[in-house]
1. What list of ³J(HN,Hα) couplings, whole Hz, do you get for the range 269-283 from phi and the Karplus terms 6.51, -1.76, 1.60, once you set θ to phi - 60° and write x for glycine and proline?
2. Any idea what angle helix 386-410 forms with the longest principal axis of the chain, computed on alpha-carbon atoms, 0 to 90 degrees, nearest 10?
3. Under 1.5 on a/c is rounded, so check that first for the range 223-380, then, if it is not, pick prolate when a/b is larger than b/c and oblate when it is not; a ≥ b ≥ c are the square roots of the alpha carbon gyration tensor eigenvalues.
4. Please list 3J(HN,Hα) in residue order for the range 97-113, calculated via the Karplus relation 6.51 cos²θ - 1.76 cosθ + 1.60 where θ = phi - 60°; whole Hz, with x for glycine and proline.
5. Roughly speaking, what is the stretch gain from ARG112 to TYR352, that is 0.36 nm per residue apart minus the C-alpha to C-alpha distance, in nm to one decimal?
6. How big is the gap, in Å, between the Cα center of the range 292-313 and the Cα center of the range 113-175?
7. Where Lys and Arg each count +1 and Asp and Glu each count -1, what net charge lies around ALA140 among other residues with Cβ under 15 Å from its Cβ?
8. Sequence-distant or interchain residues sharing an amide H contact under 5 Å with ASP60, placed H: which?
Amino acid sequence: MRFRILFFICVVHTLAFSQARPLPGPDVAQIYQRLLPQIEKIPIFDHHAHPGFYDDSDVDAMAAPPGGSALLRERDDNPELIAAAKALFGYPYDDLSPEHAKWLINKKAELRKSRGQAYFSDIFDQLNIEQGVANRAMMADYLDPKRFVWVFFADSFMWPFNNQHEAARNPDEAVYIPLQGKMLRRWMQQEGINKLPANFNDYLAFVTRTLEDNQKKGAIAQKFEVAYFRSLKFSDPSREQAETVYRKYSAGGIPGEPEYRIFQDYTFRYLIREGGRLHLPVHIHTAAVIGDYFNMSEGNIFNLENILHDPRYLNTTFVLIHGGYPYERQAIWLATAKNIYLDSSLMEVVMYPSAMKDTLKQWLETFPDKITFGTDAFPYNETLGAEESYWLGVQTSRTALAAALAEMISEGEVSEMQALQMARGYLHDNAVAIYGGKVH
Ligand SMILES: [Zn+2]
């Protein structure tokens with residue numbers, strides 16, 4: 001209570017009951033310069049990333065289809081990548097020509113050998129990331145479990161039947177869907193079964209056992225990237241309806257799309273309900289990123305609204321990964337429910353700091369306690385590795401955050417103390433609070 005009174009006095013003192021202004025004052029650059037070093041000192045919790053080496057296929061449960069348009073900032077000629085290589089590895093050149101890039105590839109290989117499990121922890125130390133999510137098919141023994149916490153993929157439970165028809169929809173699905181089959185077989189192997197159970201009850205028991213065992217192995221959440229494979233609109237079929245489909249196709253036969261969807265919609269709801277019971281938060285990918293055939297209208301975050309705002313799932317914590325980008329400004333309104341959070345990963349790699357500043361400002365002005373930081377670091381190729389994408393995500397978010405808060409302070413919206421509290425929330429505290437002491 002005493003703290004609250006002190007806080008109140010301080011706020012009153014700084015803001016002096018003034019009306020917020022529509023334009024920042026001439027002090028905004030100065031405030032930015034003052035905030036940035038303080039923000040850099042805040043230890044980060046990275047809520048979403050795929051740490052790993054380029055040659056490790058377990059960094060995701062799916063893979064990028066060939067082709068696809070590369071975003072401007074993800075192209076090899078992005079000059080920021082040179083800055084990243086200099087900052088992280090002491091890269092001595094000013095371009096990434098193939099001969100020079102070889103220096104970087106060799107340097108990383110040498111460090112990978114000499115540093116072993118400390119290799120990625122060293123990157124974290126350099127960037128002041130205390131701990132981070134490893135959203136991977138399986139964990140890697142080269143990631144230090146003290147620094148990396150596992151989030152596994154739960155989509156494959158929705159694709160247990162003959163997927164021939166599903167994979168034939170377009171060239172993207174031809175890559176994605178067989179990998180779901182592969183992931184499911186790995187879970188079956190983990191649970192010691194070599195074919196689908198004959199009845200639906202036993203199938204659901206296998207699903208639950210996998211979730212529980214993954215949790216015992218240290219997983220803190222389950223992740224869905226289902227928006228790449230089908231619509232995010234889930235109907236509400238009965239158990240009997242799902243069971244009928246299971247009985248018909250578990251031993252063979254190719255289900256048509258409407259039947260498959262009934263089974264998937266029921267199974268998805270089963271998984272998120274289990275997520276509530278087991279305190280295993282649900283991470284859902286909500287943005288277009290890779291491939292040529294991502295369906296923008298079906299993958300739109302607002303298709304999830306009937307699930308997110310259904311009081312039956314109030315015990316399940318949802319983290320909307322990538323903040324619904326490019327609909328992030330509307331998506332923040334989904335966080336009205338207490339169990340819903342938005343994660344900014346990927347957005348700060350797609351957007352440059354100036355655009356990210358505007359997004360963060362709007363989020364901070366709406367629900368500052370419901371937003372979390374993530375990098376979506378990923379080993380794109382041998383030069384643009386997870387290492388460089390960690391750097392890009394952290395640098396962009398810190399500078400955009402400092403700029404957003406500097407404007408908010410200068411415009412008389414918040415005090416400097418409140419602003420730094422918001423910064424700690426976004427970069428660390430908001431996400432850490434979700435996991436009840438399992439992360440720090
Ligand atoms: Zn990701």
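Bear in mind these aren't lab numbers, they're just calculated from the coordinates by the rules spelled out. What you are looking at is a predicted structure, and each value in this text was computed from that prediction instead of being measured. Here the Cβ positions follow ideal geometry from the backbone for every residue, glycine too, while neighbour counts run over all protein chains shown.
1. Couplings: 5, 4, 5, 6, 5, 4, x, x, 4, 8, 6, 10, x, 10, 9 Hz.
2. 50 degrees
3. Prolate shape, in that a/c is at least 1.5 and a/b is the bigger ratio.
4. 4, x, 5, 6, 4, 4, 4, 5, 4, 5, 4, 5, 4, 5, 5, 4, 6
5. Contour length minus Cα-Cα distance gives 83.4 nm.
6. 23 Å
7. 0
8. Under 5 Å from the amide H of ASP60 lie the amide H atoms of ALA137, each far enough along the sequence or on another chain.
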